[in-house]
Structure formats: C-alpha cells, structure tokens
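Input: a single structure, listed below in structure tokens.
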C-alpha cells in the first residue's frame, strides 16, 4: 500500500519522532510506514488521517 | 472509532521482562541444585519441580503486560519472530530426534537443549527487526 505520509509530515516540518509521539507509536513504526515496509492497522490509519485532517483514502492508496 | 490512550514508550517493559525471565531461570537452577545435591523425598520432589512453574506464570503475566505497552509494529515483529522461531525449534528437535543421539549441535546435554529455544527466538527477533529498520 502506498502513502504520502512523508510528504504530509514534511509539509508540517515534523520529524518522525514528533509524528510518532503525536500518534502514540514508535519512530520505527513511522519509518516503516513511510518506506512501505509496514501497513498500519485500520485504527492507526484512521488516527493518521484524522491528525492530518484528511480522508483515509487520501493518505493511503492501494 | 475509539482512538485509545496515548502509548508512552518507556524502557521499563523490557527491563521487567528481563527480570521476570531471570527469576524464572534462577528458580529453575535452584530446583535443579536441590535435585542434584539434596535428593528430595517423594512428594517433596514434586514440590521442588514445580517451583519454576510459579516463576513461569509470573513471567507470562509480565510478558502479556509488556505486549500491551508496545506499539503495533513491535507486536508484529514479535509475532513474526515467533512464527520463525517455532518451526525452527521444531526442526532442530526433529533433527536431533532423527539422529537419536544425546549429542546436540552446541554440545549441550539433552536436558539443556531448552537453552536453544530462547536463543533461536532472540536470533529470529533480530532478523525480523532488521527487516523493518
């Protein structure tokens, strides 16, 4: 699954660590999602979309 | 959907798991020491043999609590490590069974073969963890 998490994070000038803290996950998780190594759970995907005030399908594309 | 509480990552969970695991190991070694030096009477031998079981249940309880503290990727890594370590362990034991020999790959006596299991798990964890780096 593709995503534009890295771009959205960069727009807000957040580091991976900052985003991880906002989402309550580890920095390794953010890195793995951004590099496409890991697809987040639906719950985490919703949290990410909500944080960026976007629809889940705008952030994640199959 | 409930967003759930924010997870705070602390170094306490791994330390607690380590302490619980060490306690379990020490309980086992203590029971073994009793068997080797004191030769407990019948009935008492069952009591002594079950001392590590109590430590084991505490260890499992600590691990379950630690699993709730970690985030979903780390949980996934542990699951994949188990999925790798379990069949690997089976393979090692099956191979030893086929050889029908008390000699093990590391030169361990048969009663110490269990040492391979946590070692294989740690190895598999390191391999899987590397994949998500």
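A short reminder: the numbers here are calculations on the coordinates, not readings from a lab. Here the structure is a predicted model, which is why all the values come from computation and not from measurement. Please note: Cβ atoms are built from the backbone with ideal geometry, for glycine as well, and neighbour counts cover all protein chains shown.
Evaluated on the protein assembly as shown, the Kirkwood hydrodynamic radius is 20.1 Å, with distances taken between all distinct Cα atoms. Among B:86, B:35, B:59, the largest mean-square fluctuation in a Gaussian network model of chain B (Cα springs under 10 Å) belongs to B:35.
Ordering B:43, B:78 by the number of other Cβ atoms within 10 Å of each residue's own Cβ, fewest first, gives B:43, B:78. Build a GNM of chain B with springs between Cα atoms under 10 Å apart, and of B:99, B:29, B:84 the one that fluctuates most is B:99. Largest mean-square fluctuation among A:13, A:34, A:43, in a Gaussian network model of chain A whose springs join Cα atoms under 10 Å apart, belongs to A:43. Divided by 2.2 N^0.38 Å, where N counts the residues, the Cα radius of gyration of the stretch B:68-128 comes to 1.32.
Between the helical axis of B:72-99 and the longest alpha-carbon principal axis of chain B there is an angle of about 30 degrees. When each of B:89, A:29 is scored by the number of other beta-carbon atoms lying within 10 Å, the sequence from fewest to most is B:89, A:29.
Tell me whether chain B comes out rounded, prolate or oblate; compute the Cα gyration tensor, take square roots of the eigenvalues as a ≥ b ≥ c, and use a/c under 1.5 as the rounded threshold. It is oblate, given that a/c is not under 1.5 and a/b is not larger than b/c. For the stretch B:48-87, place one equal point scatterer on every Cα, skip the solvent, and apply the Debye formula. What is log10 of I(q)/I(0) at q = 0.24, 0.27, 0.31, 0.35 Å⁻¹? One equal scatterer on each Cα of the stretch B:48-87 leads to -0.83, -0.88, -0.94, -1.00. Panel order for A:38, B:33, by other beta carbons found within 10 Å of each beta carbon, from fewest to most: B:33, A:38.
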